[in-house]
Amino acid sequence: MQLHSKSKILDLTSPKVMGILNVTPDSFSDGGFFANIDKALQQATTMVQQGAAIIDIGGESTRPGACDVSVQNELDRVIPIIEKIHKNLDCWISIDTSKAQVMQEAVDAGADLINDVRALQDQGALGIAAKSEVPVCLMHMQGLPRTMQSAPEYNNLLEEVKTFLLQRVNTCIEAGIRKDNIILDLGFGFGKQLKHNFQLLAATKEFVALGYPLLTGVSRKSMFGQLLNRDINNRLAGSLAGALIAVQQGSQIIRVHDVAETVDVIRVLQEVNSFKE
Ligand code: 7PM
């Protein structure tokens with residue numbers, strides 16, 4: 001299994017780690033514009049040295065509960081950082097956005113992958129993604145970020161998530177996106193209760209069996225906070241367990257804050273697997 005972007009190929013025969021780059025609103029306030037671009041590059045460099053194959057850059061517009069960020073605001077946050085990383089690092093760059101214009105300018109600036117928690121449903125996104133010819137990650141979400149965590153319910157969780165994702169896949173293929181450049185994501189924490197998140201994690205294998213690369217994003221999420229009674233800074237063990245459980249079932253891309261630790265966990269699993277059959 002391989003993803004194709006521009007002239008690059010990402011081989012997914014072995015699992016890949018996607019490192020989350022923090023691009024916070026205050027990246028403009030503390031040390032000034034250029035100092036903060038350099039800080040972002042430093043953070044990305046460290047993650048690549050630790051073994052991240054992809055760096056995911058988001059302007060926070062898509063975060064659960066977050067208020068809307070203007071297009072210009074999002075562009076101002078992410079584009080200079082994409083340009084800087086593109087110029088200085090040999091890694092894949094992912095743009096975490098739902099906005100068509102941000103997708104377009106990000107790809108022009110060097111992004112290799114479009115990561116959209118709204119699965120290209122926003123105005124113009126599908127067309128821009130198809131035209132850009134980069135891989136896309138389609139995530140499942142029930143409801144909208146502002147309200148999605150108020151008691152989400154499902155009649156049949158696995159079927160509903162599967163049906164949504166496959167419908168989006170069809171729409172993407174009809175729009176001209178190559179089938180082998182579509183990544184699926186179960187959307188942990190996006191309109192899901194604790195039990196839903198763990199039921200989905202347990203069913204990872206079923207989604208891998210659909211034949212598309214599966215991206216798993218559970219890093220530091222509230223599913224571990226709730227289960228283990230841990231605040232955001234004490235969810236590493238839970239997150240690593242979640243990553244291992246996903247990779248063991250065949251998830252090919254793991255989106256994380258803690259790259260070094262996740263890479264170690266994956267290596268241990270691969271060493272064990274090298275002695276099987
Ligand atoms: C606050 C709450 C801040 C939640 C950030 C988040 C995913 C994603 C995010 C995911 C893909 C986070 C989330 N989560 N993109 N973007 N999959 N593809 O924990 O699970 O990073 S934002």
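Which residue, Q49, Q252, Q193, has the most motion in a Gaussian network model of the chain that connects Cα atoms within less than 10 Å?
Judging by the Gaussian network model, the answer is Q49.
Leaving out ligands and nucleic acids, and using a 1.4 Å probe, what accessible area per residue does the chain come to in Å²?
45 Å²
Before rounding to the nearest 500, sum -39500 (n - 2.57) across all DSSP H runs of length at least 4 in the chain and divide by the residue total; then give [θ] at 222 nm in deg cm²/dmol. Write out the running numbers ahead of the final one.
On the way: 10 runs with 120 residues, N = 277.
Rounded to the nearest 500, the figure is -13500 deg cm²/dmol.
Which of S94, S150, S14 moves most in a GNM of the chain, Cα contacts under 10 Å?
Result for the chain, Cα springs under 10 Å: S150 fluctuates most.
Tally Lys and Arg at +1 and Asp and Glu at -1 over the other residues with C-beta under 12 Å from the C-beta of I128: what net charge comes out? All intermediate terms of the calculation are to be shown ahead of the outcome.
On the way: positive: K99, K131; negative: E105, D108, D116, D122, E133.
Its environment carries a net charge of -3.
Taking θ = phi - 60°, what integer Hz values does the Karplus form 6.51 cos²θ - 1.76 cosθ + 1.60 yield along the range 86-102, in sequence order, with x for Gly and Pro?
3J(HN,Hα) across the range 86-102, in whole Hz: 4, 6, 10, 10, 9, 8, 7, 10, 10, 9, 8, 8, 10, 8, 4, 5, 5.
Taking the Cα centre as origin and putting +1 on Lys and Arg beta-carbons and -1 on Asp and Glu beta-carbons, what dipole magnitude results for the chain, to the nearest 20 debye? Working shown, then result.
Details: 26 positive and 31 negative charges, 88 e Å.
Here the size comes out at about 420 debye.
The values are calculated or read from the model by the stated rules, or taken from the named source; none is laboratory data. As the structure is a prediction and not an experimental result, all values here were calculated from the model. Note that each Cβ is placed from the backbone with ideal geometry, even for glycine, and that neighbours are counted across all protein chains shown. Just so you know, the surface numbers come from the protein's heavy atoms only, side chains and all, with ligands and any DNA or RNA stripped out. Shrake-Rupley method; radii C 1.70, N 1.55, O 1.52, S 1.80 Å.
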